[in-house]
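A short write-up of the structure that comes next.
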Amino acid sequence: MTPACKVLKSSAIEFSIHEYEHDVHAKSFGLEAAQKLNLDVREVFKTLLVTDSKNFYVAVLPVAHQLSLKKIAAAVGAKKLQMAEPKDAERLTGYLVGGISPIGQKKRLKTVIDQSAEILNKIYISGGKRGLDIGIKPQDLIRVLSAQFADVLDQD
């Protein structure tokens, strides 16, 4: 059981587990999950880490979209953000890239979930390892992470 599953269980939050055989040649972990689990790409979300070199933040957004660094910076109150280095993301979260869950990270980071999740009954996020997704109500995810909804999608 991954740290993400343990946190949800101990918080008495309802969730579902969806496993699939991860292909090491897959270009996009999130799109692979949507395809292999036969899910709508609008319901499958990826977890990205961004930084201003001092602080790190988590963005959770649909797998088929790109993150707007300007919008996430505004949402967390930072001047300018960049993508975190994969090694930093792994060190801070305790998860491997491609399996980073927003839940159960080693260090609790300020988290923003794209507002498109707010209207969905359930979203699917990484469960903490490649080939494992968790289905969860967006409001439960907000609650367990003390996160916020905001528009963080790049519209270009």
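The values are calculated or read from the model by the stated rules, or taken from the named source; none is laboratory data. The structure presented is a predicted model; accordingly, all values stated were derived computationally and were not measured. When we count neighbours, we look across all protein chains shown, and the Cβ atoms used for this are built from the backbone with ideal geometry, even at glycine.
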Practice item. Mind counting the residues in the stretch 138-148 that are crowded, with 19+ Cβ neighbours inside 10 Å and more than 16 Å from Leu109 (Cβ to Cβ)? Key: 1
Point to revise | Residue list for the stretch 12-41, filter: in a strand (DSSP E or B) and not small (Gly, Ala, Ser) | key: Phe15, Ile17, His18, Glu19
Check your understanding: How many residues are hydroxyl-bearing (Ser, Thr, Tyr) and touching a Leu at 6+ places or on another chain (Cβ under 7 Å) when one looks only at the stretch 127-156?
Key -> 0
Review point. Are any residues in the stretch 86-118 among the acidic types (Asp, Glu) and surrounded by fewer than 19 Cβ atoms within 10 Å (Cβ to Cβ), and if so, which ones?
Key: Asp88, Glu90, Glu118
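What strands (runs of 3 or more DSSP E) lie completely within the stretch 112-156 and have 3 or more residues being small (Gly, Ala, Ser)?
On the way: elements: 123-129, 132-136, 148-150.
Correct list: 123-129.
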Study note, to complete from the structure: Counting only residues that are within 10 Å of the chain's Cα centre (by Cα) and among the polar types (S, T, N, Q), the stretch 111-156 contains a total of 2
Review point. Hey, among the residues in the stretch 83-96 that are under 21 Å from Ile17 (Cβ atoms) and assigned to a loop (DSSP other than H, G, I, E, B), which one's modelled with the lowest pLDDT?
Key: Leu96
Check your understanding: For the subset of the stretch 119-137 comprising residues that are in contact with an Asp or Glu (Cβ under 7 Å, 6 or more places away or on another chain) and more than 19 Å from Lys9 (Cβ to Cβ), which member is surrounded by the most Cβ atoms within 10 Å (Cβ to Cβ)?
Key -> Gly131
Review point. Does the stretch 81-98 contain at least one residue that is under 19 Å from Ile13 (Cα atoms), of a type in the set (S, T, N, Q) and in contact (Cβ under 8 Å) with a residue 12 or more places away in the chain?
Key: no
